[in-house]
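Engineer: Pasting in a structure now, in structure tokens, and then I'll have a few things to ask.
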Amino acid sequence: MANQDLIHHIPTIDTSSLVDKVEMQLLEIFINRGLKTGDVIPKEVELAAAMGVSRTVIRESLTRLKTMGLIDSKKHKGTVLTSPNLAQILQRSMIPKILDDETLKNIFEIRLILEIGMADSIFHHITDDDIRELEEITDSEPTSTEDVLFDIDHEIKFHGKLYEITNNETLKNFQTILLPAFNFTYDSGLINKPIKKKKHISHKGLVEILKTGNPKKFREAMRKHLDNHFSRLFD
């Protein structure tokens with residue numbers, strides 16, 4: 001058999017598993033060596049020699065880590081460990097139109113749970129200026145707000161301010177990511193079941209509790225405020 005014919009019969013070798021192994025081993029090395037954010041990692045050629053693999057495998061493994069936000073290239077310094085931006089990573093895959101129905105429903109539910117659960121953080125950080133801003137937001141809403149199950153403009157302004165009050169940057173970013181999926185789920189009719197319209201606590205009612213109540217009362221009030229949304233999911 002001629003060499004050329006032999007070449008055509010040689011199957012290509014799948015190196016994906018090798019890349020996976022190198023990726024995981026690199027992470028283990030970084031952790032075991034106690035590297036911190038900002039620490040420089042060895043160069044490609046050094047890693048390839050130490051691990052006994054090609055620079056191509058090392059390069060692909062590092063590319064994956066960079067995509068995950070775990071490493072980054074710095075001018076005049078080299079490749080360093082970084083603290084991943086969780087919101088940025090999630091945002092890349094949080095595309096409502098390509099998520100399945102069950103995932104969209106789960107996202108809808110996550111946002112409801114978050115807004116009930118952040119009561120303690122809100123009460124810990126809230127200021128008089130925050131109260132005044134919330135009052136300005138509710139004063140600009142039409143009088144029919146209490147009977148509206150969901151209005152995008154009112155929700156963004158009011159609930160967005162609540163996330164801001166927590167002073168938790170990750171939580172604020174998470175809300176920004178969840179909102180499009182939340183809105184898409186609602187607008188698409190995915191959970192738009194015919195339900196008995198329930199009287200719920202308005203934004204103004206929530207502000208009054210923030211002024212005179214406590215985290216427990218606020219959690220209970222927020223649950224009632226979101227009651228119609230929960231009904232769509234579970235009734």
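The values are calculated or read from the model by the stated rules, or taken from the named source; none is laboratory data. If you're wondering where the values come from, they're calculated on a predicted model, not measured in any experiment. Positions of Cβ are generated from backbone atoms using ideal geometry, with glycine treated the same way; all protein chains shown enter the neighbour counts. Remember, those area values only see protein heavy atoms, side chains included, never the ligands or the DNA or RNA. Shrake-Rupley method; radii C 1.70, N 1.55, O 1.52, S 1.80 Å.
Engineer: On the protein heavy atoms, probe 1.4 angstrom, tell me the percent of accessible surface of the range 58-130 carried by carbon and sulfur.
Structural biologist: Solvent-exposed carbon and sulfur of the range 58-130 make up 53 percent of the total.
Engineer: Could you go through the range 103-120 in sequence order and give the Karplus-derived ³J(HN,Hα) for each residue, using 6.51 cos²θ - 1.76 cosθ + 1.60 with θ = phi - 60°, rounded to whole Hz, and x for Gly and Pro?
Structural biologist: Here the 3J(HN,Hα) series is 5, 4, 5, 5, 5, 4, 5, 4, 5, 4, 5, 4, 6, 6, x, 8, 4, 4 Hz.
Engineer: Using a Förster distance of 41 Å, how high is the FRET efficiency between LEU233 and SER83, based on the Cβ-Cβ distance and rounded to 0.05?
Structural biologist: E(calc), rounded to 0.05, equals 0.75.
Engineer: Below 21 Å, Cα to Cα, which lysines can LYS204 reach? Residues fewer than 8 away in the same chain don't count.
Structural biologist: Candidates past the 8-residue exclusion: LYS157, LYS161, LYS216, LYS217, LYS224.
Engineer: I would also like to ask the following. Cut-off 20 Å, label point 7 angstrom out along Cα-to-Cβ of HIS125: give me the residues of the range 206-227 whose amide nitrogen falls inside.
Structural biologist: 206-220, 222-223
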